[in-house]
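To start, the structure under review is shown below, and the notes come after it.
Just so it is clear, none of the values below were taken in a lab; they were calculated from the coordinates. This is a predicted model, so every value here is computed, not measured. Reconstructed Cβ throughout: ideal geometry from the backbone, glycine too, with neighbour counts over all protein chains shown.
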2 protein chains.
Amino acid sequence: MPSSKQKTSKSAPKSGSANFQPLAVGIDIGGTGTKYGIVDRNGNILYSSEISTRGHQLVESFIDALYDQLTILIEEAGGTGRMKGIGVGAPNGNYYTGTIEYAPNLPWKGIIPLAKLIENKFHLPVVLTNDANAAALGEMMYGAAKEMKDFIMITLGTGVGSGIVANGKLIYGHDGFAGELGHTIIIPDGRLHEGTGKHGSLEAYASATGVRLTAIEFLNKSKEESLLRSIPPNKIDSKKVYDAAIEGDKLAKEIFDYTGKILGLALANFVMFSSPEAIILFGGLTKAGELILKPTRQHMEENLIQVFQNKVKILVSHLKEADAAILGASALVWEMK
Amino acid sequence: MPSSKQKTSKSAPKSGSANFQPLAVGIDIGGTGTKYGIVDRNGNILYSSEISTRGHQLVESFIDALYDQLTILIEEAGGTGRMKGIGVGAPNGNYYTGTIEYAPNLPWKGIIPLAKLIENKFHLPVVLTNDANAAALGEMMYGAAKEMKDFIMITLGTGVGSGIVANGKLIYGHDGFAGELGHTIIIPDGRLHEGTGKHGSLEAYASATGVRLTAIEFLNKSKEESLLRSIPPNKIDSKKVYDAAIEGDKLAKEIFDYTGKILGLALANFVMFSSPEAIILFGGLTKAGELILKPTRQHMEENLIQVFQNKVKILVSHLKEADAAILGASALVWEMK
């Protein structure tokens with residue numbers, strides 16, 4: 001059964017003329033749940049709620065549930081006529097085709113024409129892209145990348161996602177799949193990435209999963225005492241490494257240093273590609289703060305040629321995680337032609 | 001003394017109304033010589049010639065010589081009034097500021113306001129960018145990237161240069177220096193790059209210099225017989241490695257395999273950044289043909305995640321090396337607002 005809990009609106013719809021300003025629907029599809037909301041031009045989330053993704057093995061049943069729940073919010077916000085369109089962020093989402101293609105974490109397999117399915121149901125224009133691209137748009141419109149024309153967004157969660165903005169526009173590439181920076185190879189013949197079968201990709205190291213694997217490796221290789229030794233290996237995660245590091249645990253700090261070293265090297269390569277004004281980091285790993293940011297900054301600078309040194313800001317997104325996904329998806333709507 | 005040899009025009013200026021179509025001046029500044037020419041909208045180089053770069057220790061003297069020589073061509077082509085503008089490709093050239101900044105291979109040190117100097121002398125609008133970006137524009141307008149909106153140009157010469165086009169536009173980055181792919185780190189803690197002091201950059205391996213260093217390394221490490229052993233180490237260059245490989249020399253082939261392995265890995269990373277339709281290779285090393293292209297293609301594919309596999313063309317530029325630089329620089333003019 002879809003779970004649906006209505007959230008108190010952050011900013012009540014205003015009366016009078018403001019009511020006639022167009023609004024945007026933002027939908028963020030995740031492996032577990034799908035968040036959606038109604039957003040005004042200034043990035044105020046007027047209404048928002050969530051249904052289960054995982055609970056719908058058939059995409060048609062998912063669309064039906066989404067329609068039932070989201071329609072309630074649309075009606076409260078003034079009806080379909082006030083909605084400029086629907087923006088959707090989804091893993092493996094393709095901007096050009098509106099499809100989700102072979103998303104490993106979603107219940108629906110193969111190529112799913114999601115934008116078309118939503119459009120047919122809601123009779124509103126729909127634009128779709130991958131979740132990290134949507135996040136980048138959200139940062140550009142409402143977050144740390146306001147006024148920037150050249151930046152890179154990196155999401156450091158269970159995996160590593162990215163969205164690249166150059167000349168004020170998202171880079172989609174010729175096929176709509178640009179910006180898979182988590183899969184770039186940073187350590188040739190390095191750690192195996194179970195999902196892709198490739199060795200040494202950024203995601204194999206600079207993700208929550210990567211930090212966990214580094215912890216297990218370090219504990220096996222070194223004889224050093226550590227708070228982490230009291231935790232069964234299968235219970236170690238990036239949060240526990242963080243907690244230990246905060247307690248002053250030397251090995252835990254070395255785990256973050258190592259993660260930052262690889263992330264910093266990767267960022268240097270990205271900078272020499274598109275020369276962004278800033279790199280914006282988002283997601284769980286950023287909660288480690290300077291534990292990871294300091295080595296990242298240091299190793300980025302060390303690997304940059306002179307012309308790029310001391311120029312590129314590494315910023316942490318200040319959008320709330322719960323809001324960012326909806327804001328990013330809704331931002332797609334204002335970009336529509 | 002500047003050398004100046006007038007080239008027979010490839011395509012004689014047409015009489016009649018065609019004479020009133022605007023023309024573009026293209027200038028390509030290299031470490032040794034500066035090529036320039038007058039080009040029509042269709043990429044016909046009507047007039048071209050060359051002066052020495054190295055012979056002018058002062059940029060002012062260079063500008064004076066350039067003015068004297070180029071003015072002759074401009075007059076022959078119908079005078080300043082027919083010229084839409086001047087496009088300049090130069091190492092370390094910055095599109096936004098029109099300056100050349102700390103170019104290690106040019107006689108003029110520091111930051112040189114080259115576009116301004118040329119503009120003041122010729123009283124024509126001037127636009128400047130780095131040589132690899134200009135080459136990319138040339139390919140887009142007249143070469144292998146015609147009709148492409150997303151591609152990457154890589155020049156494999158003494159060094160490795162690059163120009164990246166996304167959404168139909170060159171990526172300059174926030175400061176005008178984007179596209180330094182030769183300096184991305186492919187082998188962490190790998191071979192030292194003398195010029196930058198960094199370890200393991202693409203340029204340290206996949207350039208003429210890199211092939212030479214790989215040859216010396218391979219000869220020292222292995223006991224294998226090779227035609228290259230009869231050449232004094234300081235005389236070995238990429239051309240000699242090529243000649244040996246063509247003769248069937250096993251070690252020489254392994255040198256190209258190794259170069260292609262690193263180049264292919266680098267290209268995979270670039271593809272996962274901007275998802276180009278094609279990667280266009282240009283410059284001396286491409287003369288090795290399949291010796292380098294085959295391992296490059298193979299290792300690019302091996303390092304790509306599935307969604308990018310068997311999609312991206314690796315093409316070799318078919319523009320003549322002598323023309324490409326002038327064409328690329330002149331292409332900047334047609335892009336002017």
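The dipole here belongs to the range B:72-227: it is taken about the Cα centre, uses +1 on the Cβ of Lys and Arg and -1 on the Cβ of Asp and Glu, and is about 220 debye. Each Lys or Arg adds one and each Asp or Glu subtracts one; over the other residues with Cβ under 13 Å from the Cβ of A:Leu124, this totals +3.
Give me the base-10 log of I(q)/I(0) for chain B at each q in 0.12, 0.13 Å⁻¹, Debye formula, one uniform scatterer per Cα, rounded to two decimals. Summing over Cα pairs of chain B leads to -0.86, -0.99.
Label-to-label distances for B:Glu335 across copies, nearest first, come out at 2.2 nm, using points 7 Å from Cα in the beta-carbon direction. If you wrap the Cα atoms of the range A:75-186 in a convex hull and average its projected area over all directions, you get 8.7 nm². For chain B, the longest principal axis of the Cα atoms and the long axis of helix B:250-274 meet at an angle of about 60 degrees. Of the residues B:Asp40, B:Asp131, B:Asp64, the one that moves most in a GNM of chain B with alpha-carbon contacts below 10 Å is B:Asp64. The DSSP beta bridges internal to the range A:146-317 are antiparallel in roughly 55% of cases. Put a plus charge on the Cβ of each Lys and Arg, a minus charge on the Cβ of each Asp and Glu, and nothing anywhere else: the dipole of the protein assembly as shown about its Cα centre is then about 280 debye. When Rg and Dmax are taken over the Cα atoms of the range B:147-318, they come to 16.1, 51 Å.
Among the listed pairs B:Lys261/B:Lys337; A:Lys121/A:Lys337; B:Lys240/B:Lys313, which are separated by more than 32 Å between their Cα atoms? Among B:Lys261/B:Lys337; A:Lys121/A:Lys337; B:Lys240/B:Lys313, the Cα-Cα distance tops 32 Å for B:Lys261/B:Lys337.
Peptide B:275-281 is shielded by partner chain Cβ atoms: per residue, an average of 3 of them sit within 10 Å of its Cβ.
Between copies, the label points of A:Glu290, set 7 Å from Cα on the Cα→Cβ line, lie 5.9 nm apart, reported in increasing order to one decimal in nanometres. Around the Cα centre of chain A, unit charges on the Cβ atoms of Lys, Arg, Asp and Glu (plus for the first two, minus for the last two) sum to a dipole of about 340 debye. For the protein assembly as shown, the percent of C-alpha pairs falling in each 20 Å distance bin, counted from 0 to the bin holding the largest distance, reads 18, 44, 30, 7, 0. Between copies, B:Lys109 shows label-point distances of 6.7 nm, shortest first, with the point placed 7 angstrom from Cα along Cα to C-beta.
Out of all DSSP beta bridges with both ends in the protein assembly as shown, state the antiparallel percent to the nearest 5. Roughly 55 percent of the DSSP beta bridges within the protein assembly as shown come out antiparallel.
Name all residues of the range B:234-255 having a backbone nitrogen under 17 Å from the label point set 7 Å from the Cα of B:Asn220 along its Cα→Cβ direction, giving them as ranges. Within reach of a label on B:Asn220: B:234-237, B:255.
Loop-located GluC sites (Glu not before Pro) across the range A:234-285 with a Cβ neighbour count of 14 or fewer within 10 Å are A:Glu247, with loop assigned by DSSP.
Computed from Cα atoms, the angle from the helix A:321-335 axis to the main principal axis of chain A rounds to 60 degrees. Please give the average number of partner chain Cβ atoms lying within 10 Å of the Cβ of each residue in A:297-306, rounded to a whole number. The mean count of partner-chain Cβ atoms within 10 Å per residue comes to 3.
DSSP beta bridges fully contained in chain B are about 55 percent antiparallel. Computed 3J(HN,Hα) for the range B:47-62, one whole-Hz value per residue from the Karplus formula 6.51 cos²θ - 1.76 cosθ + 1.60 where θ = phi - 60°, is 9, 7, 7, 8, 10, 6, 8, 4, x, 10, 5, 9, 5, 4, 5, 4, glycine and proline marked x. Pairs of Cα atoms under 8 Å, at least six residues apart: use those to get the relative contact order of chain A, whole percent. Computed value for chain A: 19 percent relative contact order.
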